[in-house]
1. Take Lys62 and tell me if it is basic (Lys, Arg) and either under 25 Å from Phe163 (Cα atoms) or surrounded by fewer than 20 Cβ atoms within 10 Å (Cβ to Cβ) (or both).
2. Take the range 148-167 and flag every residue that is of a type in the set (Val, Ile, Thr) and open to solvent by 80 Å² or more (accessible area, probe 1.4 Å).
3. Filter the range 148-171 for residues that are in contact (Cβ under 8 Å) with a residue 12 or more places away in the chain and outside any helix (DSSP H, G or I) and give the result.
4. In this structure, is Ile145 assigned to a helix (DSSP H, G or I), open to solvent by 80 Å² or more (accessible area, probe 1.4 Å), in contact (Cβ under 8 Å) with a residue 24 or more places away in the chain and not polar (S, T, N, Q)?
5. Quickly run through the range 85-127 and pick out the residues that are hydroxyl-bearing (Ser, Thr, Tyr) and in contact (Cβ under 8 Å) with a residue 12 or more places away in the chain.
6. For the range 15-29, how many residues are under 28 Å from the mean Cα position of the chain (by Cα) and more than 15 Å from Thr87 (Cβ to Cβ)?
7. Would you point out the residue of the range 114-136, among those that are of a type in the set (A, V, I, L, M) and assigned to a helix (DSSP H, G or I), that is most open to solvent (accessible area, probe 1.4 Å)?
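The values are calculated or read from the model by the stated rules, or taken from the named source; none is laboratory data. Keep in mind the model is a prediction, meaning the values are calculated, not measured. In this analysis, Cβ positions are derived from the backbone assuming ideal geometry, glycine residues included, and neighbour counts consider all displayed protein chains. The protein model used for the area step is the full one, side chains on, heavy atoms only, and it has no ligands, DNA or RNA in it. Shrake-Rupley method; radii C 1.70, N 1.55, O 1.52, S 1.80 Å.
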Amino acid sequence: FILNLCASFSYHVLAVLLVIYATDEFGLSDSEAGAIYGWWGILSSMWTGAGGMFVIDYLGAKRTAMVSTVLLCISRGMLVLARSATTLKWGLLVFSPVAEGMLLPVYLVGIKRLTLEEDRPMAFSLNYALHNAGGGICDVMIDLIRGWQLSDPSSFSAVFGSFATPSRACLIVSQLVLAVSCVLSCLLPSTLSPTLPCQRSYSEFDDEDEEELPGQAWKSSNGRGLGRLKDQVVGHFAILRDR
């Protein structure tokens, strides 16, 4: 839950400031900044599907979280230190979508694995609430940093550096939060380390699993599998007839 809160905070900081940051700091036009913002969202969604279907199956939830948070730190560091639009685009359109997309399924898999079935609805609700809380905290932080820069520029520059604008200072704060996320991902329970069951070979399923797979019935060498499948089909048709 805390990992989700930290990642949500960092995501919303970038979502709020991206267009302003690209236009004010790098001289991009509004249309160019809007296009970058749109492609960032599209690529993040594409990598969410890839992370949910492939990456998390092979690496496991914990390793996926560790890789994703490290990539997020790298991408946010590139944005903080960027001096050219090319560096901005590399960090935003290459590293950030991969990290954002792969990290999202981790929360869902982690909640499912670490909670009991009766507690799961509340856990998913709390996860969603913390995601929104990260956005709310982000808005408050941005207002505070902007107000600080206006009211006391000397102390602001002493903390963030003379090169830092309010937008870049907010990204620095999000970078520090992502560093905490890296530590949290390493502390995730070891039960999230194994790959998902869909990667097991058929020989690893126990007898109960085999009975639940209709295709296994055809592989019975003594003919009982075919009879069992026939009984199942007849039973299904009987239920439909009764209805």
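1. Details: basic (Lys, Arg): yes; either under 25 Å from Phe163 (Cα atoms) or surrounded by fewer than 20 Cβ atoms within 10 Å (Cβ to Cβ) (or both): no.
Spelling it out, it is not the case that Lys62 is basic (Lys, Arg) and either under 25 Å from Phe163 (Cα atoms) or surrounded by fewer than 20 Cβ atoms within 10 Å (Cβ to Cβ) (or both).
2. First pass over the range 148-167, keeping only residues of a type in the set (Val, Ile, Thr): 159, 165.
Selection gives Val159 alone.
3. Thr165, the sole residue that qualifies.
4. no
5. Listed by number, the residues that qualify are Ser96, Tyr107.
6. 6
7. Here the answer is Met122.
Rundown of residues vs (1) more than 30 Å from Gly27 (Cβ to Cβ); (2) of a type in the set (Asp, Glu), yes/no style:
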{"site": "Ala65", "(1), (2)": "yes, no"}
{"site": "Met78", "(1), (2)": "no, no"}
{"site": "Thr86", "(1), (2)": "no, no"}
{"site": "Val94", "(1), (2)": "no, no"}
{"site": "Gly101", "(1), (2)": "no, no"}
{"site": "Ile111", "(1), (2)": "yes, no"}
{"site": "Asp119", "(1), (2)": "yes, yes"}
{"site": "Met122", "(1), (2)": "yes, no"}
